[in-house]
1. Only one residue in Ala325, Ala347, Ala391 is open to solvent by less than 30 Å² (accessible area, probe 1.4 Å), at pLDDT below 85 and assigned to a helix (DSSP H, G or I). Which one?
2. Considering only the range 87-99, state which residues are open to solvent by less than 30 Å² (accessible area, probe 1.4 Å) and within 16 Å of Ile31 (Cα to Cα).
3. Return yes when Gly156 is modelled with pLDDT of 90 or more and under 24 Å from Gly103 (Cβ atoms) and no when it is not.
4. Among the residues of the range 166-180, is any buried (at least 21 other Cβ atoms within 10 Å of the Cβ), within 28 Å of Gly39 (Cα to Cα) and at pLDDT 85 or above?
5. For the range 360-378, give me each residue that is more than 14 Å from Ala347 (Cα to Cα), touching a residue at least 12 places away in the same chain (Cβ under 8 Å) and in a helix (DSSP H, G or I).
6. Say whether the condition of being modelled with pLDDT of 85 or more and open to solvent by 50 Å² or more (accessible area, probe 1.4 Å) is met by at least one residue in the range 210-220.
7. Condition first: under 22 Å from Leu115 (Cβ atoms), open to solvent by 10 Å² or more (accessible area, probe 1.4 Å) and in contact with a helix residue (DSSP H, G or I) (Cβ under 6 Å, 6 or more places away or on another chain). Can you find one or more residues in the range 310-318 that meet it?
8. Would you tally the residues in the range 46-102 being of a type in the set (A, V, I, L, M) and without any contact (Cβ under 8 Å) to a residue 24 or more places away in the chain?
Amino acid sequence: MMAVANLQYAWTLFTGEFSASLHAPLPQIQIAFSTFLIGVTCLVPFDGYLIDRLGPRPILAVGGVLVGVGWMGAAKATTVTQLVIVYTIGGLGAGIVYGGTIGNALKWFPDHRGLTVGLTSGAYGIGTALTVARIASMIQTSGYAHTLMVWGVAQGLVVIVAALLLENPPPHWQPLLPNRNTEATGARRSAVDMTPWQMLRTGSFWLIYVMMTLMSFGGLMVTAQLNPIARSYGVDKVVMAFGMTALVLAIQIDRILNGLTRPIWGWISDHLGRENTMFIAFTLEALAVFLLLRLASHPVWFIALSGLCFFAWGEIFSLFPSITADLFGSKWATTNFGIVLTGAGVASIFAGPLAALASARTGSWSSTFWAMIACDLISALMALFWLKPLAAKTVTIAQAARGV
């Protein structure tokens, strides 16, 4: 997971380079980011089905090859079309890795899903924090193409080697340690394994899917547009601590918090319940975005509040897979969460080129920030007042149908 993080979270470092090299405006370049995320999400249900049936090793190894091709191909791209194609291929590889590792954690640790899925997805969030300064420096000294080529090879090889260490748990696996008591946690859990088709026929799924789409928009927008946002507020080249600019320091802190937030909120959700935790986190993100809108022109506040945005946003990648497995079971967890994850692909269309286009036409990011706040607050209310009672009903009906 750490090896594929740069494809998404270091993207903003390359947008200006691609725009200058390919002689294309930012909205066109951001099409590649959207198609990347569509690539990450659109085939995850299919990849998940293969992983559920064949195991993670061969499928994730293929993902490693595609991850390497994505960045190496981007280094050689001479047109926007070529960039879109190769970065989408990289997205397909990242999607295999993301869905496969999350599904593996869901299956092995059904009693502590929030924490273990948070740790796994946290590696995706925090991976770039360890490399962003080096990547930014290499771009300046060796050029973006050389940087993409070197890191593309390295990241692809890491995924392939790591894939060889994964395996699915035995059929009907349940933790045996006495301290792993699922009844002691705040998260409800169904003992019934629903197939993807059964899941699609429940109201809980569609509510989760809408919330996933709404919540993905804000974080993906900041991920894709942080560089141009910093530039528009005049803080991108302000030198801060350790000789890093406010932008690079913000990216590094954002990635650390984006990684730490996932196990933290996941652990909280194991004890408070998924829906209660969603309400708290989503409301916190709305507040963080509002403050960023007001204070982004101050470098210190830009760094601190962008970090708070990621801390309050990244938890969706522990809470949504956990609640999906809670409600619909472990057997098809990889496939089922893969379907939910396609909501992020839908959101990427609005977070990438459309957000950039809106900014270009209005000359400001304010309207996009207000859209983020609205999505956060709507999702928070949906989690507490709609999803919570509907999820309880879903588990009860499913278990009654099986005599559980």
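1. Ala391
2. Tyr87, Gly90, Gly91
3. Criteria met by Gly156.
4. no
5. Correct list: Ala360, Ser366, Phe369, Trp370, Ile373, Leu377, Ile378.
6. yes
7. Yes; the residues of the range 310-318 include at least one that is under 22 Å from Leu115 (Cβ atoms), open to solvent by 10 Å² or more (accessible area, probe 1.4 Å) and in contact with a helix residue (DSSP H, G or I) (Cβ under 6 Å, 6 or more places away or on another chain).
8. Total satisfying the criteria: 4.
The values are calculated or read from the model by the stated rules, or taken from the named source; none is laboratory data. As the structure is a computational prediction, the values presented were derived from the model and not from experiment. Don't worry about glycine lacking a Cβ; one is built from the backbone with ideal geometry, like all the others, and counts go over all protein chains shown. Each accessible area value is taken on the protein alone, full model and side chains, heavy atoms only, with ligands, DNA and RNA left out. Shrake-Rupley method; radii C 1.70, N 1.55, O 1.52, S 1.80 Å.
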